[in-house]
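Below you'll find the structure, written out as structure tokens, and then a few comments.
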Amino acid sequence: METEEKLYTVREVTKFIKEILEKEVGFIWVKGEISNFKAHSSGHFYFSLKDEISQLPCVMFREENRKMLFKPEDGMEVNAYGRIGVYEKQGVYQLYVYDMKSVGIGELALRFEALKKKLKAEGLFDKEYKKPLPDFPLRIGVVTSGSGAAIQDILNILSRRAPYVEIILKPTKVQGEDAAEEIAGAISEFNEYRDIDLLIIGRGGGSIEDLWAFNEEIVARAIFASEIPVMSAVGHEIDFTISDFVADLRAPTPSAAAELAVKDKKEIIDSIHHLLSSAERLLLSKLEQKNESLKNLTRRYGIARVIDMIRQKNQIVDEYERRVTSSISYAFSIKSQMIDGLYRRIKGLDPSAVLGRGYTITRRLPGMQIISNIHDIDLYDRLNIEFVDGTARAIVDKKNLKPQRIQVNKDNKK
């Protein structure tokens, strides 16, 4: 009896092949040229990858393609990453794409163009938002590496061209991890500090990777939000970063930024001299014109008559002034004499003036009562004697009374 061979349905064969492919092949990178590209209304991408001999159907669902940095087009060489699977309804194998990179265009370049396009659409590059730079900044903030060549170039040029300018450095990383966050933070700190006329941010030249911190969105938005005018000075003249487009002014190099930020002191002095000379010439010309006009007016009879009346009134005022001054001076002299007399009388009553003429003031201790006659003291009393230039103490060891003169009545004599 012959053994019957197993009979498979189309679905079973398709499922069998799908399991083999997904198990044996799995996720792979595939290089090829895009053809028959179609962006469906659902948001999914449908296309084929082909080479000189074969082609591979591909699908990239909306959840994956929204992260792409470029728009695929027919004829574009790409590297696609995905898994091989089978679309059971049609029985065809295809690549389910999860990521895709354009061959010949670097990842950073794609990110640069994507962010540039985004920020431009938001208006961050528009001229209407560009702030004018101050003509004569006195305090300039600098955001760059504290040990790089950029800060040395800036310091050298500013000290030569404008030694009066104060430079405030906020040292930050300018490349590598956390560099963008530090740069954005420094810009924000300067805006909180506020007492700054101009900000210069930048660094010396390098590769696109070295300069990438100045292409980060966080830095671009910090520059745009700054109330202080910002000058971007990143790399060399051929280097362009996102910061350059957002800043109020782009300088090709840090050295050029220092040149653009300030006017040379000699240039300022020459400008001042020129302005002063121009102002002097203009003023003299105006004065000459006005003087001539005044002369013409005074020659007219009516004006001459008014001027004569004014002069006569001035003469009368002068005469009154002389009289008033004379009266005030006389009264002041009389009062001064009276005050001098009073002063001399008062000064004569001053005890210190009496002491200066050789007299003393005697007081009994301890109460310091003033002694006015011999009867106010007793033997062995302690006394304080005040002279004009000091004091002394004494003890009474003897009292001598002056003899009293007795007036004799003439009638009694008789």
Check your understanding: How many angstrom separate the Cα center of the range 368-393 from the Cα center of the range 191-249?
Key -> 92 Å
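Given the Cα-Cα distance of VAL10 and LYS263 and 0.36 nm per residue of separation, how much length would full extension add, in nm?
Numbers: separation 253, 0.36 × 253 = 91.08 nm, distance 8.33 nm.
Taking VAL10 through LYS263 to full extension adds about 82.8 nm, to one decimal.
So how do 247-257, 373-383 stack up, highest first, on mean other-Cβ count within 10 Å?
The peptides rank, most packed first, as 247-257, 373-383.
Looking at the range 147-210, which chymotrypsin sites (Phe, Trp or Tyr not before Pro) are in a loop (DSSP not H, G, I, E or B) and have at most 13 other Cβ atoms within 10 Å? Spell out each step's value before the answer.
Values: sites: TYR164, PHE190, TYR193; in loops: TYR164.
Of the chymotrypsin sites (Phe, Trp or Tyr not before Pro), the ones in loops of the range 147-210 whose Cβ has at most 13 other Cβ atoms within 10 Å are TYR164.
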Review point. Of LYS116/LYS263; LYS130/LYS263; LYS15/LYS71, which sit over 25 Å apart, Cα to Cα?
Key: LYS116/LYS263; LYS15/LYS71
Exercise for review: Sort ASP389, ASP244, ASP178 so that the residue with the fewest other Cβ atoms within 10 Å of its own Cβ comes first and the one with the most comes last.
Suggested key: ASP389, ASP178, ASP244
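Quick one: which of LYS101/LYS127; LYS38/LYS118; LYS38/LYS101; LYS118/LYS170 span more than 26 angstrom between C-alpha atoms? Let's see the in-between values first.
Details: LYS101/LYS127 34 Å; LYS38/LYS118 24 Å; LYS38/LYS101 18 Å; LYS118/LYS170 29 Å.
The answer is LYS101/LYS127; LYS118/LYS170.
Estimate the FRET efficiency between LEU133 and ILE28 by the formula 1/(1 + (r/R0)^6), using the beta-carbon distance for r and 60 Å for R0, to the nearest 0.05.
Numbers: r = 55 Å, r/R0 = 0.91.
The formula returns an efficiency of 0.65 here.
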Practice item. Give the label of the value calculated from the structure for Cα extents along the principal axes in Å, choosing from (1) 209, 93, 40; (2) 101, 47, 37; (3) 84, 63, 44. Key: (1)
**Study point:** Proximal lysines to LYS295, defined as alpha-carbon separation beneath 17 angstrom and excluding residues fewer than eight positions away on the same chain
**Key:** LYS286
Check your understanding: Roughly what % of DSSP beta bridges within the chain run antiparallel, to the nearest 5?
Key -> 70 percent
Review point. What FRET efficiency, computed as 1/(1 + (r/R0)^6) with R0 = 51 Å and r the Cβ-Cβ distance, is obtained for LEU294 and GLU237, rounded to the nearest 0.05?
Key: 0.25
Check your understanding: What is the antiparallel percent of DSSP beta bridges lying wholly in the range 10-105, to the nearest 5?
Key -> 95 percent
Practice item. Measure of size requested: the Rg and Dmax of the range 200-291, with Cα atoms as the atom set and Å as the unit; please supply both. Key: 21.2, 72
Revision key, fill the gap. Relative contact order as a percentage, the chain, C-alpha pairs under 8 Å and 6+ apart, gives 8 percent
Exercise for review: At most 12 other Cβ atoms within 10 Å plus a DSSP loop assignment makes a site exposed; report the longest stretch of the chain without any exposed GluC sites (Glu not before Pro).
Suggested key: 238-414
Review point. Label points 7 Å out from Cα along the Cβ direction at THR391 and ASP378: separation in nm?
Key: 2.3 nm
**Study point:** Length added when fully stretched, LYS67-SER159, from 0.36 nm per residue minus Cα-Cα
**Key:** 28.3 nm
Study note, to complete from the structure: For the chain, longest principal axis from Cα atoms; helix 301-348 axis from its Cα atoms; angle between them, nearest 10 degrees, is 60 degrees
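How much net charge surrounds ALA261 when only the other residues with a Cβ under 15 Å from the Cβ of ALA261 are counted, with Lys and Arg +1 and Asp and Glu -1? Intermediate results must be reported in sequence, preceding the final value.
Numbers: positive: LYS131, ARG139, ARG160, ARG161, ARG250, LYS263, LYS265; negative: ASP135, ASP153, GLU166, ASP197, ASP248, GLU259, ASP264, GLU267.
So the surrounding residues net to -1.
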Review point. Once phi is turned into θ = phi - 60°, what whole-Hz ³J(HN,Hα) does the Karplus curve with 6.51, -1.76 and 1.60 give for every residue of the range 181-189, x standing for Gly and Pro?
Key: 5, 5, 5, 4, x, 5, 4, 5, 4
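At 0.36 nm per residue, minus the direct Cα-Cα distance, what do ILE53 and ILE272 gain on full extension? Give it in nm, one decimal, please. Present the calculation step by step, with values, prior to reporting the outcome.
Details: separation 219, 0.36 × 219 = 78.84 nm, distance 7.78 nm.
Full extension of this stretch gives 71.1 nm more.
Read the figures in this text as sums done on the coordinates, not as results from a lab. These figures come from a predicted structure and were not determined experimentally. Neighbour counts run over all protein chains shown; Cβ positions are idealised from the backbone, glycine included.
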